[in-house]
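This report concerns only the one structure given below.
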């Protein structure tokens, strides 16, 4: 086995997704010699299989629903038809425009050596790939995560799809049973229901279980209005494939039930990718992933980690944030500690769900005495003009009125949440936002009103 000269690089990054790419580019910009190892597709999951393609499909669905409702605005549309093949082509175009397809060229243009193969640690300072050892002063592990597949009798034999296959289907299935109730499950439930699929979504607890109860209740009601069957508190125990159909058996409300569907989508969360020889690098792990300190440093002082392999949030934006911090801390004496108090959480259904900071339940579990303010979207002038009345803004503060959390269900809620993100970062009181002038008519006025209604 060929052994290269020690310290071939200043930094080796394992993984080219959000958790790795930002750190690699930062290190290259400050003059470090950098290599990035990627066994999968350059750019990781988000631009290729997850965030971007699903949002493209959701946008097509939103356009379809807008056209269907056009008569309410005095516009008559005749001969409406859906060309799902063209929707699929547009989705691929959107993915191509992210630049992920040219990711290798972008890395190399910035002086980053790309090795499109798996890397495995052989020591804290060396990895092995394609039969060659490479050494580095520092490492960032950003190997990402994979879909967690529950142990359900007959699931493997009956076959199923994950978000990767779901975003690449050439036509919507006649019927779909979704196992899981998180953001991925909810977004695909909406996508396929819009295009005519009979959708059932089943989860062990509730849909969007990490969010405030008002969010959960409203989203469930909106889904049921879409004819999506929502089954909370379900345990799926068996799947069988019979004559091209799949029979899903489950326990619901203490009773054994079953349903026949064409396709099953597994969206039960993610598990970190840890098959990297971490024991040889003296990097410790637990059930959640790689153990790191507040500087994203692992139990080996020269090795850092970022993104899904670390958590606690499995978002592209949190991975990018961690990637920069890990790279900065690898080469700077002035360390930056992570701060997760204002990480936005978004679900891009209609209307959008966006949350930040602590939920009411989380605040109470921490023993924080809270105040809260609510504002219904339906009272806003913008809701009146756009015929979009579903939703609300909820703001949570501590007893002094400092904003510590918020939830929004509203059109473009993912954009609105950043006003509250800034407020939480700067420890702003709700009364400050209540006094601040908000443009009329906008959905953001809901934030002002919610802050005014604090009690």
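Could you bin all the Cα-Cα distances of the chain into 10 Å bins starting at 0 and give me the percent of pairs in each, rounded to whole numbers? P(r) for the chain, in whole percents per bin: 4, 18, 25, 26, 19, 6, 1, 0.
Each of 41, 248 was scored by other Cβ atoms within 10 Å of its Cβ. Arranged with the fewest first, they read 41, 248.
Axis of helix 213-225 versus longest Cα principal axis of the chain: the two differ by about 70°, to the nearest ten degrees. Relative to the longest principal axis of the Cα atoms of the chain, the long axis of helix 84-97 lies at roughly 40 degrees.
Panel order for 287, 25, by other beta carbons found within 10 Å of each beta carbon, from fewest to most: 287, 25.
Contact order, relative form, for the range 345-455: 32 percent (alpha carbon pairs under 8 Å, 6 or more residues apart, mean separation divided by residue count). Is the range 345-452 best put as rounded, prolate or oblate by its Cα gyration tensor, with a ≥ b ≥ c the root eigenvalues, rounded for a/c under 1.5, and otherwise prolate when a/b is larger than b/c, oblate when not? The shape class here is prolate. Projecting label points 7 angstrom from Cα along Cα→Cβ for residue 241 and residue 149 puts them 1.2 nm apart.
Evaluate the relative contact order of the range 124-231 (contact order divided by residue number), counting alpha-carbon pairs under 8 angstrom at least 6 apart; express in whole percent.
Numbers: 101 pairs, mean separation 20.2, N = 108.
Answer for the range 124-231 is 19 percent.
List the relative contact order of the chain as a percent without decimals, with contacts defined as Cα pairs under 8 Å and 6+ residues apart.
Relative CO of the chain lands at 15 percent.
Summary of packing: across the peptides 372-379, 196-203, 93-100, 81-88, the per-residue average of other C-beta atoms within 10 Å ranks them, highest first, as 196-203, 372-379, 93-100, 81-88. Measure nothing fancy, just the Cα-based angle from helix 183-194's long axis to the longest principal axis of the chain, in degrees from 0 to 90, nearest 10. For 183-194 against the chain, the angle is about 50 degrees.
Where a ≥ b ≥ c are the square roots of the eigenvalues of the C-alpha gyration tensor, would you call the range 146-213 rounded, which needs a/c under 1.5, or, failing that, prolate if a/b is larger than b/c, or oblate?
Working: a/c = 1.73, a/b = 1.10, b/c = 1.58.
Oblate is the answer for the range 146-213, as a/c is 1.5 or above yet b/c matches or exceeds a/b.
Which value at 222 nm does the chain reach when only helices count, each DSSP H run of 4 or more adding -39,500 (n - 2.57), with the total divided by all residues and rounded to the nearest 500 deg cm²/dmol?
Numbers: 15 runs with 143 residues, N = 455.
After summing the helix terms and dividing by the residues of the chain, the value is -9000 deg cm²/dmol.
What is the Cα centroid distance between the range 412-455 and the range 208-245, reported in whole angstrom? Their Cα centres are 31 Å away from one another. For a label point 7 angstrom out from the Cα of residue 257 toward its Cβ, which stretches of the range 202-216 have the backbone nitrogen within less than 17 Å? Once the point is set 7 Å along Cα→Cβ of residue 257, 202-207 turn out to lie under 17 Å by backbone N, inside the range 202-216.
In this label model, residue 213 and residue 366 are separated by 2.0 nm, measuring between points 7 Å along each Cα→Cβ vector.
Readers should treat all values here as calculations from the given coordinates under stated rules, not as data from a laboratory. Source: prediction; values computed, not measured. A quick note on method: Cβ atoms are made from the backbone with ideal geometry, for glycine too, and the neighbour counts reach across all protein chains shown.
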